[in-house]
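The values are calculated or read from the model by the stated rules, or taken from the named source; none is laboratory data. As the structure is a computational prediction, the values presented were derived from the model and not from experiment. Heads up, the Cβs are rebuilt from the backbone with ideal geometry, glycines too, and the neighbour counts pull from every protein chain shown.
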Amino acid sequence: MRRLKTEAGTGRSRRRILRIPVQGWVAALLVMVLLGGGYTQYSGELRQGAGAQYKVLPYKPLPATTSGGMIEKTEEPLVYLLPEVPLSKDSKGYKENKLNEMKRSKAYNILEKLLPPGEYASYVMSRTDQKDASFGVSTYRPLLTFKDYAAYKTSVEKYNAPIVMQPGYMPEGYALDQANINPSFLKHSDEKQLEGGSEKDLGDNFRMTWRVEKAENIGYFTSSLVYKKGKVQVKINASRVDDKSKPAYSLPWNKNTKVENIEIDGKQLIYVDNSSNKEIDMGSMYNLYWSDPEAQIVYSVGVRQKDSELTKDEIIRIAASMMN
């Protein structure tokens, strides 16, 4: 929209400064009509969408805890880095990388067969023909998954994980596909701590050493519900945050990310729109975040798929139905 200069002037000179062609006003008015009042985007006016009333406000961090922990954008945006020139399939480096990937996958599959559900491990690979070869410590901690909400709820109570309550609203055609509980290690082992652990030959001079983690080293700080319609998923997360972390919950973004606050019945949420990101995969196209500072839990509703027909209003309505 064309801006007006506020220079001082009298008589004809002042009138000339303020004169704008008629077509300029028409264009400006047309833009406002097409945007549905986008000119006053952050006016705080009450809006109605998909059955939920809300206000759109400028972005600001929100409390995640009662003692200063915040939900906020990372200090620096994510920057797209040009991919490295791929190695030739006939090169030694390419073949070694593929072999390492295959052995790492084999190590994980072995632990998957050896360990019962609810047991987790740290493991490291080594090569008997290369003493200096280092692959770093990896973790085996698969999700606890459930197809039934009642079973999920029982396990949430058992493991003291944050619970995601079923939303009161979900767009037509979406049904609960899976519920998850994410295990985490409170402390991570280094290679020396794994010395003397159980071993397994992986073939081709590769070997795995692992150790089952003690139950007291496992925490369950995140759980989720996944609703699905065809290939499109709506994921609802609950994450218990660490009050000592600054920020308590980080929101990644880049130059194309749109971030704004949404207010529903006096409670503020943060809406993150990555639909314009073409170069960087930000994980989800749309996300809406809010918190329960007393419980130190951050909730989010997200849609990953680019071809999702879900609108911003529908995501807001899902969140609103969980706060009643």
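Quick check on this structure: which one of 245, 250 is farther than 22 Å from residue 52 by Cα and either hydrophobic (A, V, I, L, M, F, W, C) or in a strand (DSSP E or B) (or both)?
Matching residue, one of 245, 250: 250.
Could you please find all residues in segment 107-132 being surrounded by 14 or more Cβ atoms within 10 Å (Cβ to Cβ), of a type outside the set (D, E, K, R) and not in a strand (DSSP E or B)?
Of everything in segment 107-132, those that are surrounded by 14 or more Cβ atoms within 10 Å (Cβ to Cβ), of a type outside the set (D, E, K, R) and not in a strand (DSSP E or B) turn out to be 107, 108, 110, 111, 114, 115, 120.
For (1) among the basic types (Lys, Arg); (2) within 15 Å of the chain's Cα centre (by Cα); (3) over 30 Å from residue 314 (Cα atoms), each residue gets a yes or a no:
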{"position": "182", "(1), (2), (3)": "no, yes, no"}
{"position": "187", "(1), (2), (3)": "yes, no, yes"}
{"position": "195", "(1), (2), (3)": "no, no, yes"}
{"position": "209", "(1), (2), (3)": "no, no, yes"}
{"position": "212", "(1), (2), (3)": "no, no, yes"}
{"position": "215", "(1), (2), (3)": "no, no, yes"}
{"position": "223", "(1), (2), (3)": "no, yes, no"}
{"position": "243", "(1), (2), (3)": "no, no, yes"}
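Anything in segment 284-324 that is in contact (Cβ under 8 Å) with a residue 60 or more places away in the chain, touching an Asp or Glu at 6+ places or on another chain (Cβ under 8 Å) and not aliphatic (A, V, I, L, M)? List them, or say none.
Listed by number, the residues that qualify are 296, 299, 312.
Grab the strands (runs of 3 or more DSSP E) fully contained in segment 133-209, keeping just those with 2 or more residues being at pLDDT 95 or above and within 23 Å of residue 219 (Cα to Cα).
By residue number, 137-140, 144-146, 175-185.
Could you tell me whether segment 303-321 includes any residue that is under 12 Å from the mean Cα position of the chain (by Cα) and surrounded by 15 or more Cβ atoms within 10 Å (Cβ to Cβ)?
From segment 303-321, those under 12 Å from the mean Cα position of the chain (by Cα) are 303-304; that's our starting set.
Next, from what is left, pick out any that are surrounded by 15 or more Cβ atoms within 10 Å (Cβ to Cβ): 303-304.
Taking every residue of segment 303-321 in turn, at least one turns out to be under 12 Å from the mean Cα position of the chain (by Cα) and surrounded by 15 or more Cβ atoms within 10 Å (Cβ to Cβ).
Can you spot a residue in segment 286-293 that is surrounded by 19 or more Cβ atoms within 10 Å (Cβ to Cβ) and under 22 Å from residue 79 (Cα atoms)?
Within segment 286-293 (the criterion being surrounded by 19 or more Cβ atoms within 10 Å (Cβ to Cβ) and under 22 Å from residue 79 (Cα atoms)), the answer is yes, since at least one residue qualifies.
Applying the selection to segment 303-324, what residues are among the polar types (S, T, N, Q) and part of a loop (DSSP other than H, G, I, E, B)?
305, 308, 311, 324 - these are the residues of segment 303-324 that are among the polar types (S, T, N, Q) and part of a loop (DSSP other than H, G, I, E, B).
Restricting segment 237-283 to residues that are touching an Asp or Glu at 6+ places or on another chain (Cβ under 9 Å) and of a type in the set (Asp, Glu), which is nearest to residue 180 (Cα to Cα)?
It comes out as 273.
If you scan segment 54-94, which residues turn out to be more than 25 Å from the chain's Cα centre (by Cα) and surrounded by fewer than 14 Cβ atoms within 10 Å (Cβ to Cβ)?
84, 85, 86, 88, 89, 90, 91, 92, 93, 94
Taking the conditions exactly as written (farther than 19 Å from residue 321 by Cα, crowded, with 17+ Cβ neighbours inside 10 Å and within 15 Å of the chain's Cα centre (by Cα)), does residue 248 satisfy them or not?
Against the criterion (farther than 19 Å from residue 321 by Cα, crowded, with 17+ Cβ neighbours inside 10 Å and within 15 Å of the chain's Cα centre (by Cα)), residue 248 qualifies.
Failed condition for residue 236, given (1) buried (at least 18 other Cβ atoms within 10 Å of the Cβ); (2) more than 18 Å from residue 168 (Cβ to Cβ); (3) touching a residue at least 60 places away in the same chain (Cβ under 8 Å), with all others met?
(2)
Looking at (1) farther than 26 Å from residue 299 by Cα; (2) outside any helix (DSSP H, G or I); (3) free of Cβ contacts under 8 Å to residues at least 60 places away in the same chain, can you tell me which one residue 102 breaks?
Only one criterion in (1) farther than 26 Å from residue 299 by Cα; (2) outside any helix (DSSP H, G or I); (3) free of Cβ contacts under 8 Å to residues at least 60 places away in the same chain is unmet by residue 102, namely (2).
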